[in-house]
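Below is one structure; the comments refer to it alone.
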Amino acid sequence: MVDATDRSQFLRLAAVFEGGLVFVALGLGLVFRINPFAEFRVEGTAIAVGIAAALPPFLLLVVTDRFRFSALERIKRIVLQLLGPSLIACRWYELVAVAALAGFGEELVFRGVLQRLFERWLDFRGSGPIAGLVASNVIFGLLHCLTPTYGVLAALMGIYFGVLLDATHPPSVVAPILAHGLYDYLAFLLLRRAARAEAIPGQPPSSPTAETVPSETSTSPTDSAG
């Protein structure tokens, strides 16, 4: 049984699951003859686009959290129950590592392989890019479907990341990897603040690992898409 307050267990699970996606991407690439790293270009433009692109969805997250829409509040409750104690227990740099691994692994699978694969399979009179973008992110949404609303939001977020793949010339998967990872990290900070404020049952009264980090005190709360 998973102990939500066990930091080491949470980090191990995150490493196995998110890191395992890199091997999933490589396996799919071998089967379908697509190199997941073919568009892995570490260039200034891709880095700038990736960092800048994380901010709009994060600001939207903050705004929607302030208005407390019922469907989004339900998602928040579920995510807080699943991740809140673990996020409280983690140090800030451990959350950076988890977010970076999630962005790297998920984007290699969905943008590096599946989006390009569906573009090839579903190409009809030039419709491949749109079809690939939509089809790969229907799967992305289904695999994030904690609730129907969450699944739809995840699919839309996936489409956003998919657009970033072709936002630079030549295309670079580094842009969506950075945007995804940075967004997840900021969302983790929001969730952790919310979890601390609500004193989730089961949280240790004073955990030595739940230190306050100055850079996190200026952010505000909710959940992540990847």
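For GLY50, state whether it is at pLDDT 95 or above, farther than 15 Å from PRO171 by Cβ, in contact with a helix residue (DSSP H, G or I) (Cβ under 6 Å, 6 or more places away or on another chain) and open to solvent by less than 70 Å² (accessible area, probe 1.4 Å). Considered against the rule, which asks whether it is at pLDDT 95 or above, farther than 15 Å from PRO171 by Cβ, in contact with a helix residue (DSSP H, G or I) (Cβ under 6 Å, 6 or more places away or on another chain) and open to solvent by less than 70 Å² (accessible area, probe 1.4 Å), GLY50 comes out as no.
Within segment 1-41, being part of a loop (DSSP other than H, G, I, E, B), more than 29 Å from LEU165 (Cβ to Cβ) and open to solvent by less than 60 Å² (accessible area, probe 1.4 Å) holds for ALA4, THR5, ASP6.
PRO85: in a loop (DSSP other than H, G, I, E, B) and either open to solvent by less than 30 Å² (accessible area, probe 1.4 Å) or more than 23 Å from ARG116 (Cβ to Cβ) (or both), yes or no?
Criteria not met by PRO85.
In the set (1) over 22 Å from LEU61 (Cα atoms); (2) surrounded by fewer than 16 Cβ atoms within 10 Å (Cβ to Cβ), the condition left unmet by SER136 is number (2).
Does PRO56 satisfy the condition of being open to solvent by less than 20 Å² (accessible area, probe 1.4 Å), under 17 Å from ALA187 (Cβ atoms) and either out of contact with any Leu (no Cβ under 7 Å at 6 or more places or on another chain) or modelled with pLDDT of 95 or more (or both)?
So PRO56 fails the test.
For segment 149-201, filtered to residues that are over 16 Å from GLY105 (Cβ atoms), hydrophobic (A, V, I, L, M, F, W, C) and outside any helix (DSSP H, G or I), the residue that is most open to solvent (accessible area, probe 1.4 Å) is ALA199.
The values are calculated or read from the model by the stated rules, or taken from the named source; none is laboratory data. Values in this document were obtained by computation on a predicted structure and should not be read as measured data. Note that we place each Cβ from the backbone using ideal geometry, even for glycine, and neighbour counts take in every protein chain shown. These accessible areas exclude ligands, DNA and RNA; they are computed on the full protein's heavy atoms, side chains included. Shrake-Rupley method; radii C 1.70, N 1.55, O 1.52, S 1.80 Å.
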